[in-house]
Amino acid sequence: MPYEPLHASRLPPRAGAGFKPEHYADIVETAPDIGFLEVHAENYMGDGGMPHRMLAELSARYALSLHGVGLSIGAARPLDKTHLARLRLLIDRYRPQSFSEHLAWSTHDTGFLNDLLPLPYTPETLARVADHVDEVQQATGRQLLLENPSTYVLFEESSIDEIEFLDAVAERTGCGLLLDVNNVMVSAVNHGLDPFAYVDRFPLARVGEIHLAGYDETVDGAGERLLIDAHGSRVREDVFALYRHTVGRCGAVATLIEWDNDVPGFAVLYDEARRADAVLADAAARRPLSRSA
Amino acid sequence: MGHAATEAAFAAAILDPALPPPAGLTTARGAPDEKRFAVYRNNVAVGLRKALATRFRVVERLVGEEFFALMARAYIAGARPASPLLFAYGDDFADFIETFAPAASVPYLADVARIEAAVTRAYHAADAAPLAIAQLAALPPERLAETRLAPHPAAAMVRSRFPVGSIWQAHQSETVAPVSAAGGEAVLVARPGFEVGIHILPTRDAGFAAALFAGEMLGDAAAQALPADPDFDFGGALVGLTGLGAFSVMTRMDGGGEDDGDD
């Protein structure tokens, strides 16, 4: 099988923002200079109406990233064929420049659990996730970017390191990876790891997109720092420093500002995106030809 | 533990807060931590409650945040989302409210929920050209009475013994205006273009509209409406409902009896 360039991302290497319907009028009127917009696929799986009208308009003006939150790739159960068909429909209709999902599960026999739940990393789960990713890519006819999770617990049965797990899935399926730098910080603090070492070990050549968001902070039962992936604030300074470090190593990669709770006016998201853009421009200027792992 | 068993235990503990966290979880320090597992439990519970509160804003305003949270929790326990399409979650919330004894003192609550559920359905419904008056006017008069109109995919009616349209409307602004309406109301939710409209129908048109939505022919629907209200005006009612976007465009201009070969 010929080697596929796994880092091939067609999103521009710039900062983008998560799109929220309440920002639609603002975006259409002010036409902000932003690299791309990202939407949660499930919000656009209705039959018609404003959601599709907005997406048609926005995808004509901006590069589009379709980000799924409901496929449950990390579940033991088979993927939902109806949901796969809906994804295929959206992808065919809007031709997004990127399509991504999570290394997590959310659907069980009792229904949809509406959270990105963690899975143990074992040879069994690795085989299953690879099968699922393969199935998604076959069904949608395009490459998937798989996102590293933020987690609060560890599984005793895990026998494979998270980075090795993601790398192996990518190796087996040809999928790309989405590196959520906020998730790296959240998981690293929660599990006593060095976030910079995590990034340094990550297969950056496979990364097609980076996510940035704000976390919340609390303590666990033993009084240790526990970070929560909250998506309800500006990107924290330590995450931004880690982002700078990441871009310094991998060069300019499309970077999303995620903000899903207590969503502020678009100007705040735009401001965050410009901050990220400055880092990307700096990396491009300093290492114009570099794209090293 | 195999993958499926690990997940089943995890899901069970999320759904039942009385259960301890599943076995096999740990932390970097080598000991399980209940507070960490609680983050997942909380995410699931709060996420679904927020989804309901976003969709049923007026219901929440009517009963207050605390009571709403209680009611939502009871609903969620018995009705997990069937699919990842969260905008469809709560389609049957009104039916649940009707059976939720603590809410019995707010008898119009379920019908308000029906309006709010219909609004979200209308927002996501299929696009379709609405019926134009000109299309009806072009029908030979003798065919008009035999015509059945197809409800627009975004249109829905809520008939209530209570003035639920007025109640809903009064709760759209920051300060709630006193509701002076009394008696029942019929509310039409429609979206002929891209904006969802919520309309209180004239009382005399409610039965006629309901009959048309149930698939009756125009003549039969009018015959039912007239004895109920001598003020009923067939033309006015039909023009009114059509203008609000209640019906889809007729696909065959010859119209009439819809499907002659149906029976």
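The values are calculated or read from the model by the stated rules, or taken from the named source; none is laboratory data. Everything quoted here is computed from the prediction, not taken from an experiment. We place every Cβ from the backbone using ideal geometry, glycine too, and count neighbours over all the protein chains shown.
Here are some notes:
- Comparison of A:GLU147, A:GLU164 shows that the only residue that is more than 12 Å from every other protein chain (Cβ to nearest Cβ), closer than 28 Å to A:LEU11 by Cα and over 17 Å from the mean Cα position of the chain (by Cα) is A:GLU164.
- Taking (1) among the charged types (D, E, K, R); (2) more than 23 Å from B:HIS171 (Cβ to Cβ); (3) surrounded by 17 or more Cβ atoms within 10 Å (Cβ to Cβ) in turn, B:GLU60 satisfies each apart from (2).
- If only residues of the stretch A:38-50 that are among the hydrophobic types (A, V, I, L, M, F, W, C) and touching a residue at least 40 places away in the same chain (Cβ under 8 Å) are counted, the one that is farthest from the other protein chains (Cβ to nearest Cβ) is A:ALA41.
- Selection count where residues are part of a loop (DSSP other than H, G, I, E, B), away from chain B (no Cβ under 14 Å) and free of Cβ contacts under 8 Å to residues at least 60 places away in the same chain, scope the stretch A:215-271: 5
- Members of the stretch B:118-153 found to be aliphatic (A, V, I, L, M) and within 14 Å of chain A (Cβ to nearest Cβ), listed by number: B:ALA118, B:VAL119, B:ALA122, B:ALA125, B:ALA126, B:ALA128, B:ALA129
- When the stretch B:1-52 is filtered for residues that are more than 8 Å from every other protein chain (Cβ to nearest Cβ) and of a type in the set (Gly, Ala, Ser), the ones remaining, listed by number, are B:ALA5, B:ALA9, B:ALA12, B:ALA13, B:ALA18, B:ALA23, B:GLY30, B:ALA38, B:ALA45.
- Filter result for B:GLU146 (closer than 22 Å to B:PHE67 by Cα and charged (D, E, K, R)): no
- Test result for B:VAL112, among the β-branched types (Val, Ile, Thr) and over 14 Å from the mean Cα position of the chain (by Cα): no
- Listed by position, the helices (runs of 4 or more DSSP H) enclosed by the stretch B:1-68 that each have at least 2 residues that are within 17 Å of A:ALA104 (Cα to Cα) and not assigned by TED's automatic domain parsing to the domain that holds B:PRO163 are B:3-15, B:34-55.
- Qualifying positions in the stretch A:51-73 - at the interface with chain B (Cβ under 9 Å from one of its Cβ atoms), touching a Phe, Trp or Tyr at 6+ places or on another chain (Cβ under 8 Å) and surrounded by 18 or more Cβ atoms within 10 Å (Cβ to Cβ): A:PRO51, A:HIS52, A:GLY68, A:GLY70, A:SER72
- For beta carbons closer than 8 Å, sequence separation of 6+ or different chains, a first residue in the stretch A:100-129 that is within 7 Å of chain B (Cβ to nearest Cβ) and more than 11 Å from A:ILE73 (Cβ to Cβ) and a second that is among the polar types (S, T, N, Q) and in a strand (DSSP E or B), the qualifying pairs are A:PHE112/A:SER106; A:LEU113/A:SER106; A:LEU113/A:THR107; A:ASN114/A:SER106; A:ASP115/A:SER106; A:LEU117/A:SER106.
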